[in-house]
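Heads up: the structure comes next, in structure tokens.
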Amino acid sequence: MKKRLSLLLALSMMCTAVLAGCGGKDQEPQTIDDVQENTEEEAKGEAAGAQEMTFVLSNEPDTIDPTVTNNSFATPFLVNCFEGLVTYNEAGEVVPGNAESWESNDDLTVYTFHLRDGLKWSDGSDLTANDYVYAALRVLTPDTAAQYVNMISDYVVNAEEFYNGEKKAEDIGIKAVDDQTLEFTLKESCPFFVDLVSMWVYFPVQEATIEANGDKWTTSAESYIGNGPFKVTEMKEKESFTLEKNENYWDAENVTLEKLTYRYILDVATALTAYENGEVDGVRTIPSSDIARLKADNAGVYTAPSYGTVYYDINCSVEPYDDPLVRKALNLAIDREALINNVAQVDGEPAYSFYAPGYVVDGKDLTEGRSEFGLSSTADPEAAKQALADAGFPDGEGFPTVQLSFYSDDNVKKIAEAIKEMWEQNLGIKVEVSSADWAVFYDDVQNGNYEVAAMGWSADYVNPMSFLPLLYTDDVTNNSFYSNPDYDAIVDQAKVEKDPAKFGELVKQADELVSADYPVLALYYKSNNILLKDYVEGVYMTSSSNIYFKNAKVLEK
Amino acid sequence: MVRYFAKRLGLMLIALFLIILVTFVIMHAVPGGPFTSDRNLSEEVEAALNAKYHLDDPLPKQFFDYLKGLLHGDFGPSYKFTGKTVNDFIANGFPVSGKLGGITIIFVVLASIPMGILAAVKNGKWQDMVVMAVATIGVTIPSFVIASMLIYIFSFRMGALPSFGLDSWKGYILPVITLGGYSVSYLARQMRSSLLEVMGQDYIRTARAKGLAEPKVIFKHALRNALIPVITVLGPTVANLLTGSFVVEKIFAVPGLGVHFVNSVSMRDYTTIMGVTVFYATFLLAMVFIVDVFYCLIDPRIKYD
């Protein structure tokens with residue numbers, strides 16, 4: 001952090017120097033050793049190198065239209081070509097984006113955002129509060145088929161009614177009071193609405209280009225108009241996308257990187273070779289088996305904790321899994337350390353609850369000091385057998401064969417097979433594994449047509465409310481069919497709690513209550529790894545795995 | 001002969017129709033749909049999506065609507081990639097796959113036929129052994145292994161060739177070898193055995209008895225007939241190579257058509273599955289047809305009536 005600050009300082013000093021007309025062009029070039037210590041020289045080294053870099057993406061998004069997609073593969077485009085009312089800084093905190101300030105009424109049902117002066121689209125036209133209203137309307141129009149529509153319709157007054165054709169556009173609780181003031185009226189008080197508007201479904205989109213090009217506005221560089229630090233200048237389908245600095249971005253003077261090329265290499269092994277050969281400067285996805293080696297080699301692994309959990313759903317609506325003791329036994333029999341380090345070889349922390357660390361209240365993560373619910377990072381066969389005996393299956397006798405299902409994926413397969421072994425060894429039960437490709441698998445899971453199934457969750461926005469519905473009775477994301485009225489009641493309370501400290505308490509309470517019931521088989525908390533060469537500075541990734549390039553700088557190689 | 005080819009053309013259309021029908025039925029019989037994703041969609045959104053793409057129509061109507069579109073050359077919109085059409089995929093992907101495939105075909109023909117002739121002429125000698133050993137390796141080792149080995153040696157160890165992309169002529173070398181490896185080996189074996197068989201025939205003995213020089217016997221008399229089985233195989237091979245390979249395109253990050261064959265199925269992108277299948281099937285049928293025409297030109301004994 002300190003280093004970054006001095007770097008920024010140095011940069012601004014350099015800019016002033018250049019502006020004052022006394023740029024140090026005629027000075028001798030510096031050696032790398034000088035650069036290390038002297039921040040001013042470091043900034044000079046930067047100016048010498050071309051501010052261009054190539055970053056490899058391993059998955060293609062379904063679309064790069066922020067109003068349509070919920071696909072995380074789209075984020076490299078969405079968060080760098082667009083900016084919402086608020087955004088995230090390097091520390092992962094919400095900071096002003098297009099809005100310079102905001103306030104809410106006392107009961108947190110009306111939020112008012114004040115946009116900055118002189119906001120522009122990448123084509124130079126003015127961006128106003130009306131563009132935000134237009135984007136939200138687009139999301140709420142069924143024809144758009146917006147995948148994240150719930151993120152607006154669940155919260156904003158009359159949004160759902162409009163979607164269902166019961167209300168008119170002017171009834172929706174999103175209003176442009178004037179060109180620079182945007183007002184959201186919510187159904188009920190929502191303490192985390194500012195976290196929510198950081199999501200791209202709340203980003204503005206330009207009416208002119210969408211009216212002119214329809215759904216195809218995202219398929220050519222000319223019509224893909226955004227408002228972020230970068231704009232797309234060339235699109236080569238499935239091959240590479242070139243982004244260049246957007247001079248019309250409100251903070252363009254602080255954007256150093258001139259050109260960012262996203263190169264699609266779908267094969268992660270090829271991408272790694274290209275990186276190690278120095279053909280590219282960064283890679284989005286690292287083959288998990290190489291992470292340990294790359295870290296040891298100091299090859300530039302950048303790790304950010306991710307607000308997400310890898311777990312197995314246990315179908316709580318069928319026998320014998322409706323018995324918490326059975327679920328406890330299944331949990332106790334798992335050696336999480338072995339799964340993380342030896343089987344999956346991922347970068348992760350053992351998990352005992354579905355709720356992941358990553359949300360901070362008053363400087364403390366909500367999961368700090370949380371109970372481990374009688375579990376530990378290694379298996380406890382004795383306790384596991386005891387729990388299974390208490391449930392009526394001493395030594396696993398009479399326990400039906402467990403149907404363990406997973407989706408086609410190498411890593412998921414390894415874990416499933418290890419779990420089968422652990423259960424058979426530690427509990428004396430029979431386990432049958434089966435796999436299907438994602439679409440088939442997920443269809444079954446959603447319909448409750450499974451017993452134990454591989455799953456995972458990455459939060460859509462950084463707030464516990466993106467996790468809690470997972471176990472809320474009859475929620476569409478509740479695939480374990482768990483139901484607990486006490487838990488539901490606490491979640492209902494948390495949803496409307498205005499005081500952050502009390503909200504945090506409620507979340508803790510809900511988590512402790514429900515995790516002691518072992519509704520899922522939590523395995524580990526994920527972290528995100530990307531590769532970046534050491535001459536690239538200032539790229540940062542948030543816990544929702546959004547990668548921001550707006551502060552990126554290329555130092556001398 | 002015209003009648004024969006007209007009949008063949010009619011059969012091709014029927015085959016094509018059946019391919020479309022069967023693909024359509026199987027595709028819809030597989031569970032899951034284009035909108036099953038890792039994040040749950042609410043029922044309203046799914047209904048909106050289905051309505052947008054007419055997936056809520058009865059299947060027969062969907063099928064005939066699709067056929068109607070096909071007759072106008074419209075493969076429909078991609079269900080998975082908003083704003084893109086299957087025509088875009090083919091228009092963008094086929095030239096890339098086609099260029100790579102075209103170069104590969106030239107490589108395959110130039111490498112396999114001489115290899116096969118050499119092996120046949122030097123039957124049982126060391127040249128034969130070497131050619132057959134190489135051909136066996138090419139047929140048995142899967143292309144992704146060959147690709148990984150090539151990348152490891154030529155780009156990781158030696159740094160001589162790029163590990164991905166077709167940005168310069170150098171980029172073509174490794175993908176062409178990987179893509180063509182199997183076909184070279186297969187065709188070389190085909191060429192060898194076919195030439196050996198022809199060399200044993202009576203008219204070759206006659207030619208030799210006339211006192212013709214050996215090269216003339218081989219290249220003027222034997223080769224022409226020996227090429228027929230090779231050309232039979234070459235037809236589908238050309239269709240295969242031109243429409244792209246999933247493995248090669250994925251490993252070398254080639255933005256071609258091959259990736260769609262596999263990805264569209266796992267994503268249940270219905271129109272893309274249909275589009276690439278129809279495209280490939282048409283191509284394949286056309287190649288087989290062309291091969292039939294070639295038979296007449298090469299072997300005067302073959303007559304269609």
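Taken together, the values in this text are just the output of simple stated rules run on the coordinates, not laboratory data. Source: prediction; values computed, not measured. Positions of Cβ are backbone-derived with ideal geometry, glycine not excepted, and every protein chain shown enters the neighbour counts.
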| Partner chain coverage, peptide A:292-304 - average Cβ within 10 angstrom | 0
| task | Treat every Asp and Glu Cβ in the protein assembly as shown as -1 and every Lys and Arg Cβ as +1, leave all other atoms uncharged, and give the resulting dipole magnitude about the Cα centre to the nearest 20 debye. | result | 6340
| request: Summarise the partner chain shielding of A:264-276 as one whole number: the mean count of Cβ atoms from other chains within 10 Å of each residue's Cβ. | output: 6
| query | Any idea what angle helix B:169-199 forms with the longest principal axis of chain B, computed on alpha-carbon atoms, 0 to 90 degrees, nearest 10? | reply | 50
| query | Quick one: net charge of A:Y524's neighbours, Cβ under 10 Å, K/R +1, D/E -1? | reply | -1
| Length gained when the stretch B:Y152-B:L16 is fully extended (0.36 nm per residue, less Cα-Cα span) | 44.8 nm
| task | Report ³J(HN,Hα) in whole Hz for each residue of region A:133-140, in order, from the Karplus equation J = 6.51 cos²θ - 1.76 cosθ + 1.60 where θ = phi - 60°; Gly and Pro get x. | result | 5, 4, 4, 5, 4, 4, 4, 7
| For chain A, what does -39500 (n - 2.57) per DSSP helix run (n ≥ 4), summed and divided by total residues, give at 222 nm, in deg cm²/dmol to the nearest 500? | -8500 deg cm²/dmol
| said: For region A:164-228, take every pair of Cα atoms, bin their distances at 5 Å starting from 0, and report each bin as a whole percent. | reply: 3, 12, 16, 21, 20, 16, 8, 2, 0
| query | When ranked by the protection proxy of mean other Cβ atoms within 10 Å per residue, highest first, what sequence do the peptides B:173-184, A:479-490 form? | reply | B:173-184, A:479-490
| remark: One finds the C-alpha centres of region A:92-134 and region A:475-496 to be spaced, in Å, by 32
| said: If every alpha-carbon in chain A counts as one equal scatterer, what log10 I(q)/I(0) does Debye give at q = 0.09, 0.10 1/Å? | reply: -0.75, -0.92
| In degrees from 0 to 90, rounded to the nearest 10, what is the angle of the helix B:86-121 Cα long axis to the longest principal axis of chain B? | 20
| field | Along principal axes, Cα extents of chain B, largest first, whole Å | value | 84, 59, 30
| note | When A:W102, B:W169, A:W217 are ranked with the fewest other C-beta atoms within 10 Å first, the list becomes B:W169, A:W102, A:W217
| task | Summarise the partner chain shielding of A:142-155 as one whole number: the mean count of Cβ atoms from other chains within 10 Å of each residue's Cβ. | result | 4
| Within the protein assembly as shown, what percent of beta bridges assigned by DSSP are antiparallel, to the nearest 5? | 80
| query | Say the dipole of chain B comes from +1 at the beta carbon of Lys and Arg and -1 at that of Asp and Glu; which of B:P77, B:T178, B:Q201 then lies farthest toward its positive end? | reply | B:Q201
| remark: Out of B:V291, A:S289, A:V197 - ranked by how far each Cα lies towards the positive end of the dipole of the protein assembly as shown, with unit charges on the beta-carbon of charged residues - the top one is B:V291
| said: Taking every pair of distinct Cα atoms and averaging 1/r, then inverting, what Kirkwood hydrodynamic radius in Å comes out for region B:212-290? | reply: 14.9
| remark: In whole angstrom, the spacing between the Cα centers of region B:118-171 and region B:1-35 equals 36
| Spin-label model distance (nm) - A:A292 vs B:I302, 7 Å beyond Cα toward Cβ | 5.8
| request: Find the percent of Cα-Cα distances in region B:96-258 that exceed 26 Å, and round it to a whole number. | output: 35
